[in-house]
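See below for the structure under consideration.
Each value in this text was obtained by applying a stated rule to the coordinates, not by laboratory testing. Please read all numbers here as calculations on a predicted model, not as lab measurements. Because the Cβ atoms are built from the backbone with ideal geometry, glycine has one as well, and the counts that use them run over all protein chains shown.
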Amino acid sequence: MKDKIQQNIIKGIVIVAVVLLTLGFQSLPNNNNKVTIKGTTLVKGDKFELIYNTFNFSFNYGEFAIQEDGSFNGEIFISEPVFGKARIINDRRTVKIFPLFIKPGSSIELNISENEVEYKGELKNENEFFKKFEIEVTMGTFKYYNSTNFDDFTILDALNEKNKAILSETQLDEEFKQYVASWLNYSYQSIKYRIIAKADVNNLDLPNEVINFITETSYDKFSSSAILGVQDWRSFLDNYFKVQNKYIKSNSIKLYDRFVQIENTFIKDRYALYLVNSLVNLRTGMDGTCRKQVESISSFVKYPQTKKSLDSLYSQLSKYESEYKHLLKGKPAPGFTFEDVNGKIVSLSDFKGKYVFLDVWNIYCGPCIAQIPYIKKYEEELKDENIAFIAVSCDRQKEKQKWKDFVIKKEMVGHQLIMDNGRDSDFLIDYNIKGFPTFIVIDPEGNMVDYKFLLPENKEFFPTLLNIIKSD
C-alpha cells in the first residue's frame, strides 16, 4: 500500500513537472519572431516606440527606453512583416517620426539625427528605398483625397501599376517586395473607398466598374498586416465598412460572418469597435436585440484601449434603450393631427384599421429628397394593400407655400402633411426623432411596429414591408 502511495506521489510530481515545463516553454517568446532594434539618437528623447501607421498613436508594437547617451536597444516580437512608424518620444511628445519595415528574425540598427535617419544592418536597403517610395506614393495620391470623381479610378490603377513596375525592378528582399506590393494595393484601394464614401451617391447611380470593385474587395484580404502600413489606415477601414454597409449589405450586423474570420487581432478589434459604434448609433433593436449583438461582437475584443471605448458605447446604448422604450413594437403610437397639402385636417386615428408608413422629412434635406422616387414606386406597387403612406414635413409654417410648391413639383403621392410648429413640434419629441429622413411603421391597431424602418432605397425595404403587411 505504501509503495502504491509513493508511486502515485511520484507520478503526480512528474505530471506537475511536465505541465509546468510545458507552460514555461509556451510562455517563452519564439526567437524566430524576435526583432532586435538598436541605435543612437541625437534627437533628445526618453523613449523609442514602434507604432501602427496611423494618426492615432494608441497602439504600438513595442517600446524601450533611450539612455542618457542617446543609445537604445530592445526587442520586439512579431509573427509577420510589418510597416510601422518609429518615433522618438520626449516627455510624452513626439519629436521625431519615420517609417520602419521589420520582419521576424531581423536585426535593425539606426542612427537618428534632426534631419536624417541612417538605416544600418539588415533591411538597410529596403528601409532606405521605402522611406523615399512612401513619400512619392503618398504625394502622388494626395490630390485625389477630396475627389468624388469615379473616373479617377483609372488614373489610380495606372499609378499602382507604374509603382509596382518600379518595385519589381529593384534587387531588394523578395518578401519585402511582396509586402510592398500588397501595401500598394491597399493604398490605392484606400483612395478609391475614400472617393466612393465622399461621393455618397445612391445605389442606382454607381457605375458598374465601381460596383464590381466594391464587390470584389473582401474582408479575408485583411488578414495581412500590410494594411497597417497605409497612411491613416483607420480612415481606410472606416470608409471601407461604410461603403460595404451602404452598397452591399443592408445592415452592419450582416457583416458578422466575415468579421469572425479576420485573422489579424488588431484589425478585428478595430472592426469590432466600428460595428458596435454603427449598431448603437443606428438606434435600432432597443428591445435588447442590439445589446445581444453588441455583446456577441465585443467578446472578440482583445486590446484594453478598445475595451475602454466599448465601455463608453455601452453607456450610450443604455441611454438610447431608455429613450426608445415607449416606441418599442406593440407600444401605442403617439397620436398627431396636422394639416395636409389641401388644407384638410388629418389625424393618425383616421387610419385605424390600416398599416401606416410614416415618412418624416423636410424640403431642405438632400437624403430625404433622394428617397422620394423609391417611395413613389413602392406606393404604386402597394396601392391594393392595406397600407397608407403619410409624409410629415417638419418645415416651418412660414415656408408652407414652398413646401406645397415642392410637393406639387415632385408629384409626391400619399398623404402630405406639415407639422404645426416645425422643428419645435411635439411630434419630433414623441417619436424621439434625431435626424431626417426617419421612417416609421404603425400597425392597424395604432401600435408601433418599427420606429426606425429601413430606407426605401435599401434592397430589403420592399420585401420587409410587404412581409409586415401580409403577416396578419
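Taking a virtual spin label 7 Å from the Cα of residue 470 along the C-beta vector, which residues in segment 301-342 bring their backbone nitrogen under 16 Å of it?
none
Under a cut-off of 18 Å between alpha-carbon atoms, report the aspartates and glutamates in cross-link reach of residue 164, not counting same-chain residues fewer than 8 places apart.
126, 128, 134, 136, 173, 174, 175
Determine which aspartates and glutamates satisfy two conditions relative to residue 329: a Cα distance under 16 Å, and not lying fewer than 8 residues away in the same chain.
287, 321, 430, 443, 445, 450, 472
Kindly rank 268-278, 433-443 from highest to lowest mean number of other beta carbons found within 10 Å of each residue.
Details: 268-278: 22.0, 433-443: 18.8.
So the order, starting with the most tightly packed, is 268-278, 433-443.
With labels modelled as points extended 7 Å from the Cα through the Cβ direction, what inter-label distance (nm, one decimal) is found for residue 420 paired with residue 445?
Placing both labels 7 Å along Cα→Cβ, they lie 2.8 nm apart.
Which cysteines does the chain leave without a neighbouring Cys Cβ under 4.7 Å?
290, 394 - these cysteines have no disulfide-compatible partner (Cβ-Cβ under 4.7 Å) in the chain.
Whole Å is fine, so just give me how far the alpha carbon centre of segment 349-373 lies from that of segment 162-217.
39
How long is the gain from residue 354 to residue 146 if the chain were fully straight, where each residue apart is worth 0.36 nm and the alpha carbon distance is subtracted? Display every interim value, and only then the final one.
Details: separation 208, 0.36 × 208 = 74.88 nm, distance 4.71 nm.
Taking 0.36 nm per residue and subtracting the Cα distance, the gain is 70.2 nm.
Roughly how many Å is it from the Cα centre of segment 61-116 to that of segment 409-439, as a whole number?
What the calculation gives is 57 Å, centre to centre.
I'd like the per residue volume of the convex hull spanned by the Cα atoms of segment 31-122, given in cubic angstrom.
On the way: hull volume 7.8 nm³, N = 92.
Taking only Cα atoms, segment 31-122 has a hull volume of 85 Å³ per residue.
Assuming R0 = 51 Å, can you tell me the calculated FRET efficiency for the pair residue 331 and residue 132, based on Cβ-Cβ distance, to the nearest 0.05?
Numbers: r = 63 Å, r/R0 = 1.24.
That pair, residue 331 with residue 132, gives E of 0.20.
P(r) of segment 337-470 in 5 Å steps, Cα pairs, percent per bin?
2, 10, 22, 25, 23, 14, 4, 0, 0
If I compute volume of the Cα convex hull per residue in Å³ from the structure I just sent, which labelled value in (i) 192; (ii) 235; (iii) 159 lines up?
Recomputing volume of the Cα convex hull per residue in Å³ here picks out (ii).
For a paramagnetic label modelled at 7 Å from the Cα of residue 80 toward its Cβ, which residues of segment 163-191 fall within the zone defined by backbone nitrogen distances under 13 Å?
Inside the label zone: 179-180, 182-183.
In Å, what Kirkwood hydrodynamic radius results for segment 127-325 from the alpha-carbon pair distances?
18.4
With each label point set 7 Å from Cα along the Cα-Cβ vector, what nm distance links residue 169 and residue 289?
My value for the distance between the label points is 5.8 nm.
Output the peptides 349-360, 128-139 sorted from most to least packed, where packing is the average of other Cβ atoms within 10 Å over each peptide's residues. Show your work: numbers first, answer last.
Details: 349-360: 18.2, 128-139: 15.5.
The densest-packed peptide leads the list: 349-360, 128-139.
Determine the gain in length on full extension of the stretch residue 408-residue 396; use 0.36 nm per residue of separation and subtract their C-alpha separation, reporting nm with one decimal.
Details: separation 12, 0.36 × 12 = 4.32 nm, distance 1.76 nm.
Gain on extension, residue 408 to residue 396, equals 2.6 nm.
Using +1 at the C-beta of Lys and Arg and -1 at the C-beta of Asp and Glu, which of 347, 449, 394 has the Cα lying farthest in the positive direction of the dipole of segment 337-470?
Value computed over the given set: 394.
Which helices of the chain meet both criteria: a Cα extent of 20 Å or more along the helical axis and a mean Kyte-Doolittle score no lower than 0.5, with helices taken as whole DSSP H segments? Mind dumping the intermediate values first?
Working: long enough: 2-27 (37 Å, 0.92); 124-142 (27 Å, -0.67); 152-168 (24 Å, 0.00); 174-199 (38 Å, -0.48); 233-247 (21 Å, -1.13); 265-282 (25 Å, 0.54); 304-323 (29 Å, -1.34); 366-381 (24 Å, -0.64).
Those that clear 20 Å and a mean of 0.5 are 2-27, 265-282.
Using the Cα centre of the chain as origin and beta-carbon charges of +1 (Lys, Arg) and -1 (Asp, Glu), tell me which of 79, 110, 296 is placed farthest towards the positive end of the dipole.
Positive-most Cα among the choices belongs to 296.
Show the residues, 5+ positions off or on another chain, whose built amide H is closer than 5 Å to the amide H of residue 438.
Under 5 Å from the amide H of residue 438 lie the amide H atoms of 360, each far enough along the sequence or on another chain.
Can you give the relative contact order of the chain as a percent, counting alpha carbon pairs under 8 Å and 6+ residues apart? Write down the numbers at each step before the final one.
On the way: 679 pairs, mean separation 47.6, N = 472.
Normalised by residue count, the contact order of the chain is 10 percent.
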